[in-house]
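The values are calculated or read from the model by the stated rules, or taken from the named source; none is laboratory data. Keep in mind that what you see is a predicted model, and the values were worked out from it rather than measured. FYI the Cβ positions are ideal-geometry reconstructions off the backbone, even for glycines, and counts take in every protein chain you see. With ligands, DNA and RNA removed, areas are computed over all heavy atoms of the protein, side chains included. Shrake-Rupley method; radii C 1.70, N 1.55, O 1.52, S 1.80 Å.
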Amino acid sequence: MQIGHHPMNATSTRQAAPATSLLDSCVWSSKIFVGAWIRGSAPDHVVTEPATGAELGAIGMATPDDVADAAKRARAAQREWAEKPYTDRAAVLRRAGQLFEHHTDEIHEWLIRESGSVRAKAGIETHAAAEECYNAAALAAHPFGAVLRSEQQRLSLSRRVPVGTVGVIAPFNFPVILSIRAVAPALALGNAVVLKPDPRTAVSGGVLLARIFEEAGLPAGLLSVLPGDAAAGEAIVVHPSVRVIAFTGSTQAGRAVGELAGRHLKRAHLELGGNNALIVLDDVDVETAVSAGAFGSFLHQGQICMASGRHIVHESIVDDYTALLAQHAQRLPVGDPFVDDVALGPIIDVGQRDRIHRLVTASVSAGAQLAAGGSYDELFYRPTVLAGSAQDTPAFRDEVFGPVAPVISFSDIEEATQIATNSDYGLSLGVLTADPMRGIELASRIPAGLVHVNDQTVGDEAVVPFGGLGASGNGGRVGGIDANLDAFTETQWLTARSDMPRYPY
């Protein structure tokens, strides 16, 4: 069954897609994209709907030889692209943003069916993707250098120049955002891009971007989309034409990418896992705090690096907080988001579901109490609340990447700080309190790349620097003007004199 030709389910509330299809499978079926749609050298990958197990199509898969071919095409196309007026690059990015908005319904359908997104989460992705393109269009016009002082009679400048070709390796959970946030600024700044999406979401995280930029008028060769296995990813990292790697994924895989890139003297921008603390102080409105905590833990089935993975709650309200959080979890509908209006869709695959369940059962065996959830039907895992967690409870200690909210109590600020900092991760932090200044003071004690006072831990915008510390990555490497300039350009020193000097040689 091909999505491009799939009749809408009678029970779906979704509006009809535009008459002009962006993602018609006739274009991309069994193909990879290297400026043109061609057969990949590896066997095809079947695109599967997690909610039903239905086959949605087949995507081409790339080998290291395909990577080498794409990198060669990128190198040939990039110089002319970089020499174009910035207005030409900005125009392509603006058209790309408009196409994301024009084809919203069709994109949503793929996100819902291929990645298990609920409708609201799909809307977050398309809105963010358009914003990434519009902000990248503005980035193309941003000043890219400075006039420097010099002791000598010469013009001395520093200027930003494109790195050449950027390799982007993106995950399954937010396949559009976590691809476009590197692809768009890299292109806007004059680079070519080789993108390897996760094969599980290769259409919404890869084919979609290829089709968007095809329609936007991006010259051939500047963007390649190469779904593939670890060998294809390694080939992108080591290819001499690929000078910068933007990787989003697990900490384990990120360490391997960073090590390999380092051996080849390349920059690797690593956005990795998180086990994020949500600290709830004793002065909050408990119901409002629980609403934030539930959203932070259960959005997209908890498959978010910024998910609220550790609920650290003051002892005076922890019982009420836990009971209300369990009530919220129990009433959240779980099911097929393509058919029903649900809060949680399916886990991406069996392997991830089983890992979640192992952590939950191990936590209960270690002494945590199951206040809600802890069960599943096929790939639908119930939102789960674990009361009485300790710091060494598996689901509290480790990143779960599933809809699990472990709750632990603290007695004072010092203990809350100790619990929150007792982690290798340092991505996102939330502090809920009636006194924002108290929250800011507490947050200053806890290393984190992102801090939200009076909000849960999940949040991102195209205009902000994004990245974590420690096992969560190597800092804010994407988002915002400065981070994107640092990520996707090199700084070059340039001097010019009116006359050549004479030297005593």
Inset, instruction - State yes or no: is residue 417 assigned by the TED database to the domain that holds residue 354 and under 15 Å from residue 313 (Cβ atoms)? - result: yes
Inset, instruction - May I ask you to say which residue of 217, 221 is in contact (Cβ under 8 Å) with a residue 40 or more places away in the chain, out of contact with any strand residue (DSSP E or B) (no Cβ under 9 Å at 6 or more places or on another chain) and surrounded by fewer than 24 Cβ atoms within 10 Å (Cβ to Cβ)? - result: 217
Inset, instruction - Keeping to region 441-458, report how many residues are buried (at least 18 other Cβ atoms within 10 Å of the Cβ) and among the hydroxyl-bearing types (Ser, Thr, Tyr). - result: 1
Legend entry - Qualifying residues in region 410-440 (those that are among the acidic types (Asp, Glu) and assigned to a loop (DSSP other than H, G, I, E, B)) - the one surrounded by the fewest Cβ atoms within 10 Å (Cβ to Cβ): 412
Inset, instruction - Taking only region 27-47 into account, find how many residues are touching a residue at least 24 places away in the same chain (Cβ under 8 Å) and either of a type in the set (Asp, Glu) or open to solvent by 60 Å² or more (accessible area, probe 1.4 Å) (or both). - result: 1
Inset, instruction - Output the strands (runs of 3 or more DSSP E) that fall wholly within region 141-205 and possess 2 or more residues being open to solvent by 10 Å² or more (accessible area, probe 1.4 Å) and of a type in the set (Lys, Arg), or say none. - result: 155-162
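Results for (1) of a type outside the set (Gly, Ala, Ser); (2) in contact with an Asp or Glu (Cβ under 6 Å, 6 or more places away or on another chain); (3) under 22 Å from residue 228 (Cβ atoms); (4) in contact (Cβ under 8 Å) with a residue 40 or more places away in the chain, shown as yes or no for each residue.
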position	(1), (2), (3), (4)
67	yes, no, yes, yes
70	no, no, yes, yes
90	no, no, no, yes
93	yes, no, no, yes
101	yes, no, no, no
110	yes, no, yes, yes
123	no, no, no, no
Inset, instruction - State whether one or more residues within region 66-73 are open to solvent by 60 Å² or more (accessible area, probe 1.4 Å) and over 21 Å from residue 335 (Cα atoms). - result: yes
Inset, instruction - List the number of the failed condition for residue 243; all other conditions in (1) closer than 15 Å to residue 67 by Cβ; (2) in contact with a helix residue (DSSP H, G or I) (Cβ under 7 Å, 6 or more places away or on another chain) hold. - result: (2)
Legend entry - Options 392, 341, 336; residue that is part of a loop (DSSP other than H, G, I, E, B), open to solvent by 60 Å² or more (accessible area, probe 1.4 Å) and within 28 Å of residue 48 (Cα to Cα): 341
Legend entry - So residue 277, is it crowded, with 24+ Cβ neighbours inside 10 Å, not hydroxyl-bearing (Ser, Thr, Tyr) and not in a helix (DSSP H, G or I): yes
Legend entry - Checklist (1) part of a loop (DSSP other than H, G, I, E, B); (2) on the phi < 0 side of the Ramachandran plot; (3) assigned by the TED database to the domain that holds residue 350 applied to residue 401, failing item: (2)
Legend entry - Hey, residue 494 open to solvent by less than 10 Å² (accessible area, probe 1.4 Å) and farther than 16 Å from residue 182 by Cα or not: no
Legend entry - Residue match in region 132-150 (condition: at positive phi and within 23 Å of the chain's Cα centre (by Cα)): no
Legend entry - Answer residue from region 476-491, given it is part of a helix (DSSP H, G or I), touching a residue at least 60 places away in the same chain (Cβ under 8 Å) and not polar (S, T, N, Q) and is surrounded by the fewest Cβ atoms within 10 Å (Cβ to Cβ) among those: 481
Inset, instruction - State whether one or more residues within region 306-314 are of a type in the set (S, T, N, Q), in a strand (DSSP E or B) and in the same structural domain as residue 375 (by the TED database). - result: yes
Legend entry - residue 465 vs. criteria free of Cβ contacts under 8 Å to residues at least 60 places away in the same chain, open to solvent by 50 Å² or more (accessible area, probe 1.4 Å) and under 21 Å from residue 291 (Cα atoms): no
Legend entry - Subset tally (residues that are touching a residue at least 24 places away in the same chain (Cβ under 8 Å) and either aromatic (Phe, Trp, Tyr) or more than 30 Å from residue 334 (Cα to Cα) (or both)) for region 404-419: 6
